[in-house]
Every structure is written in C-alpha cells, then in structure tokens.
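Taking it in order: structure first as structure tokens, then the write-up.
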Amino acid sequence: MSIVTLTTDFGTTDPFVGIMKGVLASRAPAATVIDLTHGIPPQDVLAGALVLRHSLPYFPSGAIHVAVVDPGVGSARRPLCVVTSGGLLVGPDNGLLSLAAPAAEVRRIVHLTDERFFLAPRSHTFHGRDVFAPVAAALATGTEPAHLGPEVKDLERLTLPSAVTQGDRVQGQVIYVDHFGNLVTNVPEQMLTARTEIVIAIRDARIRGVAPSYGAGQGGEPLAVVNSWGLLEIAVRHGSARTVLGAAVGEPVTIEPQR
Amino acid sequence: MSIVTLTTDFGTTDPFVGIMKGVLASRAPAATVIDLTHGIPPQDVLAGALVLRHSLPYFPSGAIHVAVVDPGVGSARRPLCVVTSGGLLVGPDNGLLSLAAPAAEVRRIVHLTDERFFLAPRSHTFHGRDVFAPVAAALATGTEPAHLGPEVKDLERLTLPSAVTQGDRVQGQVIYVDHFGNLVTNVPEQMLTARTEIVIAIRDARIRGVAPSYGAGQGGEPLAVVNSWGLLEIAVRHGSARTVLGAAVGEPVTIEPQR
Amino acid sequence: MSIVTLTTDFGTTDPFVGIMKGVLASRAPAATVIDLTHGIPPQDVLAGALVLRHSLPYFPSGAIHVAVVDPGVGSARRPLCVVTSGGLLVGPDNGLLSLAAPAAEVRRIVHLTDERFFLAPRSHTFHGRDVFAPVAAALATGTEPAHLGPEVKDLERLTLPSAVTQGDRVQGQVIYVDHFGNLVTNVPEQMLTARTEIVIAIRDARIRGVAPSYGAGQGGEPLAVVNSWGLLEIAVRHGSARTVLGAAVGEPVTIEPQR
C-alpha cells in the first residue's frame, strides 16, 4: 500500500489541494494520501524545505512526498523526483526538496520529462495538478523513478543559515515561526554547552537557562526549550512569543554563559 | 471502492466536517472521503458552485460529491441528488449544484424525501450531518439514487454573469478570488482574440498582453495569465492582486486591442 | 478496520498534525485517520472537551479518539486512555477527555506508562507525536488498553457551568462560538419552557421566541435556534452574532416569559 504526502502553499480555502487528490484518486485509487500541511506561507520555499526535513523521518521509508511551493511554475525550473534512503520526493527544483535530501542520502535524481505521465493538456500555472500529482500516482502504482525521465546529478540546494560559535557565545537566528507564535531557531541542542548557566538573548528579552518544557514558564514570560525538532525555541506560556517579542524569521538570537 | 468528496462553507475550526465524516465512517466504512474544500466563504453559493464545476472533472466518474453551502437550511428548499455523466451530486437545491450539472449532462434529479436514509431525529440546522452525509453513505454502499425519493425535472440554476464581446472589446468581471489574491475572471481563453496585442484593464491597471505564467511578471506588478480553469486571471508576482488592485468579486475587466 | 480521530489545537499551518499521521501510517497502516478538528483555540481545554462530547456519538463505538490540547505537556499531568461504552479516548489528564466520558459510561481508565509503546527518544514538547499517536497506533492494531499501563480510578473533570432556573427565568451563558460567529449557550432544549412566548436576552438584544431554523430570521437581526447539539444558540442570518452583539464565551444569556 502506497503513501503519498502533500505539502504546499495552496492553503485549504480553494479547491487546489482537493483537485490534486482527485487526480490521485483517479490514477492511484489504492494510495493513502496524507496532508503534511498546505499552510506554507505563499512562495516561502525555505519554510517548505524545513517542514519536509523535520517531518519525513516519521513516515515509512518508501513513502512518496509531493511538495509544491513553486513561485517559478511555468518557467524553466525543472520538475524532479529525488530518491533518498528515506523516501521519494517529488516537486520543483528550487531548493524545496533539498533540506530533506542531504547529499549522503540521495540515491538518484530524475528530471521529470516524460509527458506520458503528465495530464494533457498541461497548464502553465498548476503543475501540482498536471505534473506532480500524476507523477506521484505513477510512482504509487509501481512505476520506477528511472522511467519518468533522465537521471541528473545536481539539485538546487538551499543554504540554511547556520548558528556559529564565537568564543563562549553562540550566535543563531529564528528560522521558523509556528502557529502558536513559537520562535524556532537554527541552534541545535548539541550547540548548547549547558542547560542552566546560560542566557538566551532575543530582542529585549534575556532568558536564563533552557526550561524542560513549555509548562515550566510563567504565563506571559518568554522561555526557551529544546523543541520537537531538536532545536532551541523561544516560547511564551499561554501566549505568543512572536507577539510578545515582536520577532520574525531572521531575528538574531545569542546564547552566552551566565556572568 | 466509493469516493465521497465534501465541499462546504463550514471551515475547519469547528468539528462539523469531522462529524459528517463520523456519519460516513459509521454507515459507509469502506468509502474514501476527500475534502474538496471547506473554505467556501460563508453562504457564498456562487463560489461553491464554481469550485464544484472546476474540480469535478478531475475525479473518477461515479464519485459522490456532497456540497453544503446552505443559507436556507431548515426552510422549504429541497435536498437533491443530481446524477450526471460525471458523477453524483448531493446537496441543497439552491443553485450550488447547478454549474457542475449542465442540462446536457444531467441524467436524473432525485428529490431526497425518504427519511429512512436520514439520521433520526433530524435537526433543522445541520442537514450536512442529518441528511446529506447519510444519503451519500447510502449511495456509497450501493443504494440506487432512484430509491432515495421521487424523480423531479427541475433544478435551481445560477446565472453566472457571462463575458460579452462589443466590437473589438471584451467586457468581463472578476468571479472568484483565490487564497493567493489572484483575481479569476469570467473571460474564457477562447474569447481572447490575441495573446500579445491586447490591453487588459482593471481598476487603475493597464496590463499589456497575457503572460505565459505567473513567473513572467515583475515583482509587484499586475500581470494576466490563462489560469488552470481556462479563464483569464489577474495576478501579482510575489504578491496579491486583490490587495494591490483593491479588487473583489464583481470588479469589471475590459480587454481591448492595443492601440 | 480501526478508526482513529484527531482533535488538537495545533492548527493546520504547521506540519504537527501531518507528523502524527506519519507515526500512525508507520505503525498502524490499515487504520483510517479522521480529523475532527485542529482548530481548537490554543490551549482551550474546555472548547476541546465540548467538541469531543458533541462529536463522538456520530462515530462507530470502538473508534479511537486522540485529543491533544495540552498546556501542561512535559509536566506531571498523566497521559490517559479512557475506555467508555462509546469508544476509546487517548489524551492528557487535564479535563479534555472528561465531558465525553461521563462517569456512568466509563469502563476503565489507564495511566499510559509503558514506554515500549512510545517513540524513543521522547520529547518534552510534543507528546502528540511521541506518546499519543503511537499509543493510538497500538490500540488500532489490537493492543488491549490494559496492556498500556496500570488502571487508575480518577480522571480530572471539567465543571461546565450549568444553566440554572430561577422562578420563571433561565440564566445561562455562551460556552462556544463557532466559525460562523454563532453563539452556543449552555441552555439545553429541555430547559426551554416554551418556544414562542419567551424572550431571550443577550447584551443589548431581546429576541422573541425560538426560530425553527437559521433561515427564519431577517438578515442582520439576531435570532435564537436550538442547534445541532441540542443547545440554545444565538445566530444572525447572513452575519455573525459574535460581531453584531459583541459577545464571547462567558456572556450571560437570560430566558424569560414574554410579559
């Protein structure tokens, strides 16, 4: 039984996602289709790439992951299928697939050129319906990736800003803001030299130590946790860190020893 | 294996859609249920009808499409099942089903009167749960439409405003605005006499020619494309045409030869 | 075939719900997963408990209902499985499960302690992924609730404010506001002594009688109906009672005989 996941910036107000599911239901009726999210901010390729990276490990290997955040739809950017040790990624070659496909895990990259697997006629504005959903249906019904087009060797890669260590300081930044207003940083748990004797600085806030969980904070006060992605995150109990701190993606975060 | 799609204005904040799925899971456990969208603007029957018309062709014929945008729930409007060459439509007789059921494709219209197929007791406020979901479950498990009630001959029809040609001008209007803020007009591709030597006028904007895709525009500038529904659409690359132009459903659009 | 429903305050913007579905697809691939709603207001345990109470009767008994509205995640609050005559409830012991599990229907309460059924390592911030989804997968694949941990006898219970009768007056309040802006009160149909000779007072509005359905009202005017949950509800036809009346959860409502 095949699993096909969908990740887009289409939202769920319009029927675009439902139409993709119609194509899948028509061509791969036995596949199980799972929405990862359709709430990627419009055309925010980095947010989509982060979501894929942190979600795919929880799916069976062999699942087919369709991702469409595609400001260049209709332009020359290539449609790809990337085969990794964890699954099959299908989407545009604009960096969206890259964080979930580190070089060491990539087994094959296929440029999707064989139009027999597309819908005809093919629009210039909705490749989710006309290219990516029917290709996923082909994969879900047993078509080999190698049959979908020629193998290529390169993949457009996003360069996610890395947190850096300067002496006893760690300098990072906010890379994702979730629905609760929690600020996810690019500082992995491994870069934290301590849990208690540190100060996390963001905007006007100076947060002492990493709390074990969201529940540890005072209502309204910012706190820091290691989140479910293994990254340092700034939260406000019973509130929104985005609103309280006025921070967004790109906001610098500094971690220093407590003086 | 039966497919049941759901299209409503219920949103996904409340459990109303989930409750309909509970009824379907109880009465037709083998059916595959697919959300088309629950984001139809509240009580906007025209938006729901457009969504159905442009989505159903992508589903297998024989699929059962339940639609509930129903300002008259509890009043005398009839619940219907409309059998077309493309599928089965289930919903209120208020025009919602009409654009997806052109007269030439209608095979049978059934007035849903047989209460044995409804939930009991039946509320006056939630026919999605009490009438339409259980009727869809009956259809999904093999009940013939003719067994659900008497055949009727008429169906309330929406009159979608048509674009008109006046000499070398085409006069249309915006009929749908999507999640990205793209303005979908009622001007079909076939009414465009040319792709390049024309000017599309909407509000203060004068757009020269139809672009091949969204990617062709300058950031922030309005552009015109033929969208995935085969209709002329006004978009703004990396932005919202709704916001940039201040336009909404009903806004006039004029296409003229370039002078 | 097992049914697993999901009710959370995670929203659908982030991939958290999709990740839970990945865990379920990995561990219980044959289960049917149904979203009840992910739009519970953040950390609003009462809203989640009401949604569960009014939705579960429409699902097959034996369905597994996972609910995660969990401000205390990572603290000492217990994870539970509550077996009732209507189904299995899985979630935190913070009152969320209590309205759907009246004492007379509870057959067993299990404290989920056996870590073999959890994901490892287990985060302190996302028990939906690490505890509740894998436990639901275990139940869906035939694990007996009694094998998940020790039986306990108590359950944290929410005390929903009750409407009270004072002479010929009924005093209630708004307990839930839906997507349309309808104001759901805690006054059950049974407490209404009459349908016509009464006045319902809320904020500045004096509503005469209970209408048979939403369609009965004048556009823009508040009206009262008995809703699909069997509760008195204040609505505005073609509008939002929340906006028109400026009311929210907790707003008092009084029902009196018409003088």
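Answer yes or no as to whether C:V110 is over 30 Å from A:V210 (Cα atoms), touching a Pro at 6+ places or on another chain (Cβ under 9 Å) and not aromatic (F, W, Y). Judged against the criteria, C:V110 is a match. Scanning region A:128-154 for residues that are open to solvent by less than 20 Å² (accessible area, probe 1.4 Å) and under 21 Å from the mean Cα position of the chain (by Cα) returns A:G128, A:R129, A:V131, A:F132, A:A133, A:V135, A:A136. For region C:110-121, taking the residues that are open to solvent by 10 Å² or more (accessible area, probe 1.4 Å) and more than 10 Å from chain A (Cβ to nearest Cβ), the one that is nearest to C:G86 (Cα to Cα) is identified as C:H111.
Restricting attention to region A:12-21 and to residues that are open to solvent by 10 Å² or more (accessible area, probe 1.4 Å) and within 7 Å of another protein chain (Cβ to nearest Cβ), the residue that is farthest from A:P42 (Cα to Cα) turns out to be A:K21. Consider A:V106 carefully, then state whether it is open to solvent by 30 Å² or more (accessible area, probe 1.4 Å), farther than 19 Å from C:G18 by Cα, modelled with pLDDT of 95 or more and among the β-branched types (V, I, T). Answer is yes for this residue.
Of all residue pairs spaced 6 or more apart or on separate chains, those with beta-carbon atoms under 9 Å, a first member in region B:12-37 that is closer than 24 Å to C:R53 by Cβ and a second member that is assigned to a loop (DSSP other than H, G, I, E, B) and acidic (D, E) are B:T13/C:D178; B:D14/C:D178; B:F16/C:D178. Against the numbered list (1) open to solvent by 10 Å² or more (accessible area, probe 1.4 Å); (2) in a helix (DSSP H, G or I); (3) under 28 Å from B:D178 (Cα atoms), A:P57 comes up short only at (3).
Conditions (1) in contact with a Ser or Thr (Cβ under 9 Å, 6 or more places away or on another chain); (2) of a type in the set (F, W, Y); (3) farther than 23 Å from B:P222 by Cα; (4) free of Cβ contacts under 8 Å to residues at least 60 places away in the same chain, marked per residue:
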| residue | (1), (2), (3), (4) |
| --- | --- |
| B:F126 | yes, yes, yes, no |
| B:L139 | yes, no, yes, no |
| B:E156 | yes, no, yes, no |
| B:Q190 | no, no, no, yes |
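With the structure loaded, tell me whether A:V210 is farther than 13 Å from A:N186 by Cα and in contact with a Leu (Cβ under 7 Å, 6 or more places away or on another chain) or whether it fails that test. Spelling it out, A:V210 is indeed farther than 13 Å from A:N186 by Cα and in contact with a Leu (Cβ under 7 Å, 6 or more places away or on another chain). Within region B:50-74, being within 14 Å of chain C (Cβ to nearest Cβ) and either of a type in the set (D, E, K, R) or on the phi < 0 side of the Ramachandran plot (or both) holds for B:V68, B:V69, B:D70, B:P71, B:G72, B:V73.
Out of the residues in region A:89-127 that are assigned to a helix (DSSP H, G or I) and over 18 Å from the mean Cα position of the chain (by Cα), which is nearest to A:T8 (Cα to Cα)?
The first filter runs over region A:89-127 and keeps only residues assigned to a helix (DSSP H, G or I), leaving A:103-105, A:115-117, A:127.
With the extra rule that they be over 18 Å from the mean Cα position of the chain (by Cα), the set shrinks to A:104, A:115-117, A:127.
Details: A:A104: 26, A:E115: 22, A:R116: 24, A:F117: 21, A:H127: 12 Å.
The qualifying residue nearest to A:T8 (Cα to Cα) is A:H127.
Criterion first (within 14 Å of chain B (Cβ to nearest Cβ), assigned to a strand (DSSP E or B) and open to solvent by 20 Å² or more (accessible area, probe 1.4 Å)) does A:V83 satisfy it? No, not satisfied.
Would you be able to say whether some residue in region C:39-58 is within 21 Å of C:A137 (Cα to Cα) and either more than 11 Å from the chain's Cα centre (by Cα) or of a type in the set (F, W, Y) (or both)? There is no residue in region C:39-58 that is within 21 Å of C:A137 (Cα to Cα) and either more than 11 Å from the chain's Cα centre (by Cα) or of a type in the set (F, W, Y) (or both).
Looking only at residues in region A:26-45 that are surrounded by fewer than 22 Cβ atoms within 10 Å (Cβ to Cβ) and in a helix (DSSP H, G or I), the one that is nearest to the other protein chains (Cβ to nearest Cβ) is A:S26. Restricted to region C:155-259, the set of strands (runs of 3 or more DSSP E) holding at least 2 residues that are more than 14 Å from every other protein chain (Cβ to nearest Cβ) and surrounded by fewer than 19 Cβ atoms within 10 Å (Cβ to Cβ) comprises C:164-166, C:169-177, C:198-202, C:205-208, C:252-257.
Determine, yes or no, whether C:G239 is at pLDDT 95 or above, more than 23 Å from the chain's Cα centre (by Cα) and within 24 Å of C:A47 (Cβ to Cβ). No: the conditions fail for C:G239. Only one of the numbered conditions (1) farther than 28 Å from C:I34 by Cα; (2) buried (at least 20 other Cβ atoms within 10 Å of the Cβ); (3) in contact (Cβ under 8 Å) with a residue 60 or more places away in the chain is not met by A:R78, and that is (2).
The values are calculated or read from the model by the stated rules, or taken from the named source; none is laboratory data. This structure is a prediction, so every number in the text was calculated from the model and none was measured. In this analysis, Cβ positions are derived from the backbone assuming ideal geometry, glycine residues included, and neighbour counts consider all displayed protein chains. Accessible surface areas use protein heavy atoms only, side chains included; no ligands, DNA or RNA. Shrake-Rupley method; radii C 1.70, N 1.55, O 1.52, S 1.80 Å.
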